[in-house]
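Only one structure is covered here, and it is reproduced in the block below.
The values are calculated or read from the model by the stated rules, or taken from the named source; none is laboratory data. Given the structure is predicted, the values throughout are model-derived calculations rather than measurements. Glycine gets a Cβ as well: all are built from the backbone with ideal geometry, and neighbour counts include every protein chain shown.
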Amino acid sequence: MDHDTIVEDWRRNSKSHDDENYEFLRSLKFRDYGFDPDELAAELHERAFQIVDCTRCANCCKTLQIKITDADAQWIAEHLNMTPDAFAEAYLAMDENGERKFRQQPCPFLGEDDRCQIYGVRPTDCREYPFTDKEGFVFRTKGHANRALTCPAVFWMIEEMRKRSLIRTRRKRKRRT
Ligand code: SF4
Ligand code: SF4
């Protein structure tokens, strides 16, 4: 498996697999597939990001509106030699939930080479995206399903997880017959 194969598979299949992936993710809350979802997600997360090259994708930076905390705003403003107010005025907007986000899409700090121009001070959400290695994987079902539509790495992780669950289910059925 390489970067291009994962990205191509995501392009072809992420939308058509959306419903079954969401149902599978939901089922992790109540079905035992013989693996610990947090452990498997952390393992697949590490593998995925050894293969996928974010600098050749940048889809999250192009399509998502990133949440900016007060600490993020202060940190980035300092880096840009701006006051937090001037930074907020230039770059941020409040959404319907009262969260501040970058006003522009793609992100105003995404360079023409698809690299982050403020990488060292990028917002917390950018550091943690796509959240697949965080504890409590099963409690972010909807988020993971949505992120599989945006992020080739997440799509690959969920598909791998689903494959392992099918192997386990088949083995169980076989033992019963
Ligand atoms: S969408 Fe996923 S694979 Fe693409 S740059 Fe963002 S984190 Fe990396
Ligand atoms: S701040 Fe950097 S990492 Fe975050 S969305 Fe913008 S370009 Fe991407």
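Values for this structure:
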quantity	calculated
Complete set of residues in region 1-43 that are among the aromatic types (Phe, Trp, Tyr) and more than 18 Å from the chain's Cα centre (by Cα)	Phe30, Tyr33, Phe35
Count of residues meeting criterion [of a type in the set (Asp, Glu) and in a helix (DSSP H, G or I)] in region 116-146	2
Within region 57-100, considering residues that are part of a loop (DSSP other than H, G, I, E, B) and near ligand 2 (Cβ under 10 Å from one of its atoms), the one surrounded by the most Cβ atoms within 10 Å (Cβ to Cβ)	Ile68
Identity of the residue in region 139-169, buried (at least 17 other Cβ atoms within 10 Å of the Cβ) and among the β-branched types (Val, Ile, Thr), that ends up farthest from Ala58 (Cα to Cα)	Thr141
Test for Asp113: is it more than 8 Å from ligand 2 (Cβ to nearest atom), in a loop (DSSP other than H, G, I, E, B), loosely packed, with under 13 Cβ neighbours inside 10 Å and not assigned by TED's automatic domain parsing to the domain that holds His45	yes
Yes/no for Ala41 being in contact with a helix residue (DSSP H, G or I) (Cβ under 8 Å, 6 or more places away or on another chain) and surrounded by 15 or more Cβ atoms within 10 Å (Cβ to Cβ)	yes
Test result for Pro108, more than 12 Å from ligand 2 (Cβ to nearest atom) and free of Cβ contacts under 8 Å to residues at least 60 places away in the same chain	no
Number of the condition not met by Glu39 [criteria: (1) part of a loop (DSSP other than H, G, I, E, B); (2) assigned by TED's automatic domain parsing to the domain that holds Lys163]	(1)
Which numbered condition Ala93 fails, given (1) of a type in the set (A, V, I, L, M); (2) touching a residue at least 24 places away in the same chain (Cβ under 8 Å); (3) more than 15 Å from ligand 1 (Cβ to nearest atom)	(2)
